[in-house]
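Everything below concerns the one structure shown next.
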Amino acid sequence: MTAPTPELRPVVDRATWQAARDELLVREKAHTRDGDALAAARRRLPMVEFDGSVEVVGPDGPVPFLDLFAGRDELVVYKHMWHDGAPHQGQCEGCTTTAWHLRDTVYPNARGVSVAVVTTGEWPEVAAYADFMGYPRHWYSVRGLDEPIGGEMGYLTSYLRDGERTFLTYATTGRGNEPVSGSFALLDRTPRGRGEAWEDGPGDRHACWYWRTDDGGNPTWGPTSRPVPQWARPGATPVTTLGRRDDRH
């Protein structure tokens, strides 16, 4: 065994590594089983019935919330935060991360689960943003609506329908949204993780420091930054301001 450096862990032979890996695997399997039990408890939560005929605004104009199920019995909705009047680069970087991972819904749909994104923005602004991002048509404005359809944004919510009856079954926010973003799970399996100070590891950066970059790919939350996925979009040029109308960030 050689002594570690600040950048490296101990270097060992393959047999020693395999023994340590096997020991960790026991913990990983236990964690998976605990997650299975937690998911089962989540499925047993009571439900809240609400009026699914309440209208939201989407690509085809006002439609009842029930339409978001697209004929399926289950629906997952992400509630995207919105900054009124801000240009595309000024919208929420955390919500951008989550929504970017929800572009392809083939597998949930095959399982009978529809996926939609709602936000409190005015529909013309929302439509322009969704078009710029290249998102599919499952975006809707819930401006002025209360829970469980509208209300506070930044939540991942699950719904069930029984014919014309609709029910809220689950809601989470903060790190509870992480399962949507498979990139987190990948980073958690890399040597340096997410590089964040809260981790038990070499991280020394503030949370989610890599969510915004400048046009050179350098992580920054300064006025010339964009949420990372936006730099892949046509027309995403360097900017001079985030253009936000509030000071929440």
Under the helix-only model (-39500 (n - 2.57) for each DSSP H run of 4 or more, divided by the residues of the chain), the mean residue ellipticity at 222 nm, to 500 deg cm²/dmol, is -7500 deg cm²/dmol
Once phi is turned into ³J(HN,Hα) by the Karplus curve 6.51 cos²θ - 1.76 cosθ + 1.60 with θ = phi - 60°, what whole-Hz value does each residue of the stretch 123-133 show in order, with x for glycine and proline? 4, x, 5, 5, 4, 5, 5, 4, 5, 4, 6
Place a point 7 Å from the Cα of Glu147 in the direction of its beta carbon; the residues of the stretch 161-197 whose amide N falls under 16 Å from it are 167-174
How much length is gained on full extension from Val106 to Asp200, taking 0.36 nm per residue of separation minus their Cα-Cα distance? 30.3 nm
Of the trypsin sites (Lys or Arg not before Pro) in the stretch 198-247, those whose Cβ has at most 11 other Cβ within 10 Å and which sit in DSSP loop: Arg245
Approximate spin-label separation Asp34-Trp221, in nm, with each point projected 7 Å along Cα-to-Cβ: 2.9 nm
Trypsin sites (Lys or Arg not before Pro) lying in DSSP loop within the stretch 1-83, provided at most 14 other Cβ fall within 10 Å: Arg44
Starting from the stretch 136-239, pick out the chymotrypsin sites (Phe, Trp or Tyr not before Pro) whose DSSP state is loop and whose Cβ has at most 13 other Cβ atoms within 10 Å. Trp198
I'd like the antiparallel share, as a percent to the nearest 5, of DSSP beta bridges with both residues in the chain. 70 percent
Helix 14-43 sits off the longest principal axis of the Cα atoms of the chain, rounded to the nearest 10 on a 0 to 90 degree scale, by 20 degrees
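None of the figures in this text is laboratory data; all of them are computed from the coordinates on show. This is a predicted model, so every value here is computed, not measured. Methodologically, a virtual Cβ is constructed for each residue, glycine included, from the backbone with ideal geometry; neighbour enumeration extends over all protein chains shown.
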